[in-house]
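The values are calculated or read from the model by the stated rules, or taken from the named source; none is laboratory data. No experiment lies behind these values; they were computed from the predicted model shown. Here the Cβ positions follow ideal geometry from the backbone for every residue, glycine too, while neighbour counts run over all protein chains shown.
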Number of protein chains: 2
Amino acid sequence: MPESEAAPPETTERKVRERLHAAAAEVFARKGYASATVNDIVRKAGVTKPVLYYHYGSKEGMYKAFLESALSDLEERVGAVETLRGSASLRLSRLCGEIYAIFRRHTDAVRVMHAIYYGPPQGAPYFDFDRALFRVEDSVSKIVRQGLEAGEFEGDAAAMTRAVLGVCNECIDIELAHPEKAVGKAGLLESLDVVLRGMKREGGR
Amino acid sequence: MPESEAAPPETTERKVRERLHAAAAEVFARKGYASATVNDIVRKAGVTKPVLYYHYGSKEGMYKAFLESALSDLEERVGAVETLRGSASLRLSRLCGEIYAIFRRHTDAVRVMHAIYYGPPQGAPYFDFDRALFRVEDSVSKIVRQGLEAGEFEGDAAAMTRAVLGVCNECIDIELAHPEKAVGKAGLLESLDVVLRGMKREGGR
DNA sequence: GTCTATACATGGATAGAC
DNA sequence: GTCTATCCATGTATAGAC
């Protein structure tokens, strides 16, 4: 990033950077890191190659800036939800709803992250997804344990945490693979309710 | 599976094909489709480039053969579990256990599939994952509906199906991202039990 | 800051001998 | 069936003018 010394009409530079950022998001999401080319990105952004290198240094720099902006937003919003009050069930609903909302805001980044995190590294540069994802896991885990202490829940904390995260991820996965079959926030909360209440009929067993 | 079986002195060809297959599995799983190179595969298999082209035609043919063998195994085993009898809960446990076992047998293929199916296509050739995955989903869904009809379960069938698949995928995802944190079949069944019984304490609310 | 033109490396695929 | 050597397209990155 060059040292700009009080240059007011920087609107052009800003817009170029943003256009590159948006174009990179689309291209990386459609092709993955390895298969995405700098040519693809600059073409979509309506600039030439050296412009990308001037602003982001390399394909790698472009990629990291793209992921960084999405994941920092995730951490911020999950942190905000942690301050809410109410029953553990209610707070889990809110948290899951927020996770889903973040996914909708950053679908491109989630798709790329998903592929790299669970799949082959694709030769992509290292990126610390764990920091943000552990944040989410800890947030769920904390609410579960509070529910246990309050006598609202019963069972194994780790198994319950996995079940809650499982329904969130399942609904996100469905939408990633088949957008037309998306279940939405409503479908997610419905599945969360299954986990909270159980599938078996009351008194059955 | 090659057509002719009555050729005894084919041991060399067989071994070469199998070595290539195994090498491709490792390389695709470590690098993904786009980033994996034919050179990587032949080097690991201990053969030269034209040998791969002779047996599999192209990088694409190598890739498809690799996935096909894993997914046909998946379909076959899921079909076998469908014949079992017992309560819906028990059959769901068996099915989830089998899904996990298949994942363990074909971790490489699952990793690659996961990335392509939920993530960017990576410029990989089209492969019909849906056929096999819908088979799994239908299998779970059918048991859930039978449980509902028998009065063993209560709730929304689609939401319950998502919850069950969610715990399976969650446990698989954990192992894909952090093998050292794997919860194993036991952990999976524990989480499935959470879904069956519910997190909330009996009588609470 | 942005352009044109190009250096340089790599990868998929094949020709042709054996 | 397998080898050596090579073709050719593509991709990242940069030099140098404006």
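Observations on the structure shown:
- Of the listed requirements (1) surrounded by 20 or more Cβ atoms within 10 Å (Cβ to Cβ); (2) under 14 Å from the mean Cα position of the chain (by Cα), B:Met62 misses just one: (2).
- Looking only at the range A:185-205, and only at residues there that are without any contact (Cβ under 8 Å) to a residue 12 or more places away in the chain and assigned to a helix (DSSP H, G or I), the one that is farthest from the other protein chains (Cβ to nearest Cβ): A:Ala186
- Taken over the range A:170-182, the residue count meeting the criterion of being more than 7 Å from chain B (Cβ to nearest Cβ) and either within 21 Å of A:Glu137 (Cβ to Cβ) or more than 17 Å from the chain's Cα centre (by Cα) (or both) is 6.
- Looking across the range A:40-67 at every residue that is without any contact (Cβ under 8 Å) to a residue 40 or more places away in the chain and within 25 Å of B:Tyr117 (Cα to Cα), the one that is nearest to DNA strand D (Cβ to nearest atom) is identified as A:Lys59.
- All conditions in (1) in contact with a Lys or Arg (Cβ under 7 Å, 6 or more places away or on another chain); (2) surrounded by fewer than 18 Cβ atoms within 10 Å (Cβ to Cβ); (3) within 14 Å of chain B (Cβ to nearest Cβ) hold for A:Leu84, with the sole exception of (3).
- Matching residues in the range A:9-42 - criterion: being within 13 Å of DNA strand C (Cβ to nearest atom), at pLDDT 95 or above and not in a helix (DSSP H, G or I): A:Thr37
- Residue, farthest from the other protein chains (Cβ to nearest Cβ), within the range B:155-169, restricted to residues that are more than 23 Å from A:His114 (Cβ to Cβ) and assigned to a helix (DSSP H, G or I): B:Ala157
- Among the residues making up the range A:101-128, a single one is modelled with pLDDT under 95 and either part of a helix (DSSP H, G or I) or of a type in the set (S, T, N, Q) (or both): A:Gln122.
- Of all residues assigned to the range B:143-154, none qualifies as being hydrophobic (A, V, I, L, M, F, W, C), farther than 23 Å from B:Val81 by Cα and facing another protein chain (nearest Cβ under 8 Å).
- Any hit, the range A:116-134, residues being more than 15 Å from DNA strand D (Cβ to nearest atom), more than 14 Å from chain B (Cβ to nearest Cβ) and of a type in the set (Asp, Glu): no
- Criterion applied to B:Glu68, B:Glu60, B:Glu98, B:Glu75 was being within 16 Å of DNA strand C (Cβ to nearest atom) and either modelled with pLDDT of 95 or more or in contact with a Ser or Thr (Cβ under 6 Å, 6 or more places away or on another chain) (or both), and the one residue passing it is B:Glu60.
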